[in-house]
Amino acid sequence: MNAIDDLKERLGGKVSTAESVLETHGRGESYRETRLPLAVVFPESTEDVQAVMAWANEHAIPVIAVGAGTSLEGQTVPQGPAVSLDLSKMTRILQVSPEDFLAVVEPGVTYQTLNRTLRNQGLFFPVDPGADASLGGMAGTNASGTTTVRYGGMHQNVLALEVVLAGGEAIQVGRAVRKTSSGYDLKDLFIGSEGTLGIITKLSVKLHPLPVHVHTLRAFFPSVEAAAEAAYALMASGLPLARVELVDDRGMNDINWYLGRTYPELPALFLEFHSSTRGGLEEESAEVQRLVREAGASSVDTAVTAEERTAQWEARHQLYWAFTKHHPGQQYMLTDAAVPLSHMPEIVALAHRLLTEMELNGTVVGHVGDGNFHTVVAVAPGDYARTQEFADRIAEAALAMGGTATGEHGIGVRKKKYLALEHPSSVPWMREIKRLFDPKGLLNPGKVVDPK
């Protein structure tokens with residue numbers, strides 16, 4: 001019996017070798033190469049994941065954990081013969097404890113599904129990466145997003161994990177409490193490890209009360225640098241910012257075309273504040289208007305109703321789809337970097353200028369309140385090298401400014417070359433950790449660090 005037949009014998013209909021299923025698991029968002037796995041397994045429990053790892057150890061075949069498939073740096077693309085472990089059927093919300101502001105979920109639960117469940121209890125899970133990503137995948141890449149400036153990313157909002165190790169053992173890391181100083185912090189070691197150290201099968205996550213008073217604005221500027229300067233001024237003001245999102249003039253054009261809006265086609269800040277009192281809301285609104293106009297804002301719009309707020313954030317979250325639909329028939333590269341806040345205006349202006357100088361069709365967008373920004377570039381056939389050069393220049397500039405080559409997308413395959421530049425003294429220790437947890441190289445090999 002060959003290895004895949006043996007896998008089917010053990011897990012039955014949870015294993016697929018259908019060509020269409022293999023194809024969807026052989027590629028990722030914003031990663032141009034496609035390599036099909038040998039099979040795709042759809043586990044429904046921790047015990048199923050353990051069974052897959054027992055099989056993997058016997059046959060020396062690697063396993064790649066897959067969530068909603070929204071990763072951007074090739075994290076889920078096989079680099080050799082491997083099996084994809086699709087966790088999308090592990091979707092149970094196991095526990096909600098409003099009194100403890102806590103939920104326990106399986107890895108296939110998406111953050112939007114969890115928030116729909118919590119809405120009637122006045123709670124929400126705040127990490128919002130835009131795409132309807134799974135919580136297991138979000139933990140795997142230490143995802144963040146539009147609300148990070150106030151609530152933090154996955155590191156700050158995951159309290160405990162259940163993880164299946166390469167040898168098949170399931171361990172518990174972290175504790176479902178807000179504070180602990182007990183032992184080594186293994187929980188945060190697995191968050192951001194991109195499935196290279198273990199497979200997350202359960203998460204205990206932190207919940208927050210829904211904000212009572214929400215204030216949302218759009219401010220338009222003559223340049224992306226002016227918009228980024230305004231974001232810096234807002235961050236320094238002490239105002240209760242929850243979202244600070246930049247969209248450049250090209251992105252606003254795409255949004256108008258795709259959604260039929262009539263926004264000014266100028267660089268914009270999309271802003272949201274979560275306030276404790278209505279009186280404070282009015283004072284904050286006046287102060288925001290003053291700060292952004294001092295920074296050069298040409299116009300400021302306020303979204304008053306819930307419908308207007310929804311429309312504003314729909315525009316921001318739909319930008320990627322607006323861009324790809326407006327520029328069809330190409331591949332798309334999404335870059336991501338983060339810098340200290342004082343350097344944000346400089347690097348955003350650099351990215352915007354390079355797109356023009358290199359004659360690339362792209363847009364600049366970002367969570368500028370926490371120093372993180374992205375570019376989306378349409379890659380014409382045969383023009384990948386020039387687009388990669390652009391991405392390299394952005395990453396190198398971020399590192400030169402004391403920043404990071406990736407604020408939230410992760411390393412995967414494409415950004416491995418920057419890891420040693422960013423962490424020259426600690427990459428050897430990362431390799432030692434990888435060897436310790438995965439001595440046979442069975443967990444998502446070829447990603448983040450190579451053991452050799």
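The values are calculated or read from the model by the stated rules, or taken from the named source; none is laboratory data. Keep in mind that what you see is a predicted model, and the values were worked out from it rather than measured. With ideal geometry, Cβ positions are generated from the backbone for all residues, glycine too; neighbour counts draw on all protein chains shown. Heads up: the accessible areas ignore ligands, DNA and RNA and are worked out on the full protein's heavy atoms, side chains in. Shrake-Rupley method; radii C 1.70, N 1.55, O 1.52, S 1.80 Å.
Brief remarks follow.
- Considering only the chain, percent of DSSP beta bridges that pair antiparallel, nearest 5: 90 percent
- Charge dipole (the range 155-275, unit charges on Cβ, about Cα centre) - positive-most of H215, M235, L186: L186
- Principal axis dimensions, largest first and in whole angstrom, of the range 139-250 by Cα: 57, 32, 22
- One decimal place: the segment R435-V300 gains 43.2 nm when fully extended, by the rule 0.36 nm per residue minus the C-alpha distance.
- Lys, Arg +1 and Asp, Glu -1 on Cβ, resulting dipole of the chain about Cα centre, debye, nearest 20: 620 debye
- Across the protein chains, with a 1.4 Å probe defining accessible surface, the residues K416, K447, K179 rank K179, K416, K447 from largest area downward.
- Protein-only accessible surface at a 1.4 angstrom probe places the residues L341, L271 in the order L341, L271, largest first.
- The packing ranking, built from the mean of other Cβ atoms within 10 Å per residue, places the peptides 392-399, 328-335 in the order 392-399, 328-335, highest first.
- Shown here: the range 356-410, whose C-alpha atoms stretch 33, 23, 20 Å along the first, second and third principal axes, sorted largest to smallest.
- Here the Kirkwood formula, the inverse mean of 1/r across different C-alpha pairs, assigns the range 215-374 a hydrodynamic radius of 15.9 Å.
- Selection from A160, T147, V448 lying farthest towards where the dipole of the chain points positive, charges on Cβ: A160
- Legend: distances between Cα atoms for K187/K416; K187/K325; K89/K440; K14/K325; K14/K206; pairs beyond 29 Å are K187/K325; K14/K325; K14/K206.
- Built amide H within the under 5 Å cut-off of A160, gap 5+: S204
- Magnitude of the charge dipole for the range 219-297, about its Cα centre and with charges confined to Cβ atoms of Lys, Arg (+1) and Asp, Glu (-1), is about 160 debye.
- Heavy-atom accessible area per residue - the chain, 1.4 Å, Å²: 41 Å²
- Between the range 327-345 and the range 194-264, the Cα center-to-center distance that results, in Å: 14 Å
- A Förster distance of 25 Å, applied to the separation of the beta-carbon atoms of K325 and S237, puts the FRET efficiency at 0.10.
- In Å², nearest 10: area of S223 left accessible to a 1.4 Å probe: 50 Å²
- Quick note on the chain: its Rg to Rh ratio, both from C-alpha atoms and Rh being the Kirkwood radius, is 0.97.
- Note: relative contact order over the chain, using C-alpha pairs below 8 Å and six or more positions apart, is 16 percent.
- The range 265-326 and the range 124-174 have their alpha-carbon centroids 27 Å apart.
- Here the accessible area is traced with a 1.4 Å probe on the protein chains. For the chain, carbon and sulfur cover 51 percent of it.
- Percent antiparallel among DSSP beta bridges (both partners in the range 21-174, rounded to 5): 60 percent
- Among residues other than L291 with Cβ under 14 Å from its Cβ, the summed charge is -3 (Lys and Arg +1, Asp and Glu -1).
- Distance from the range 58-104 to the range 349-421 (C-alpha centre basis), Å: 27 Å
- Length-normalised contact order for the range 312-425 - Cα pairs under 8 Å, 6+ apart - percent: 31 percent
- The chymotrypsin sites (Phe, Trp or Tyr not before Pro) of the range 1-101 meeting both criteria, a DSSP state outside H, G, I, E and B (loop) and at most 15 other C-beta atoms within 10 angstrom of the site's C-beta, are F101.
- Each peptide in 130-141, 316-327, 186-197 receives the mean, over its residues, of other Cβ atoms within 10 Å, and ordering these scores from highest gives 130-141, 186-197, 316-327.
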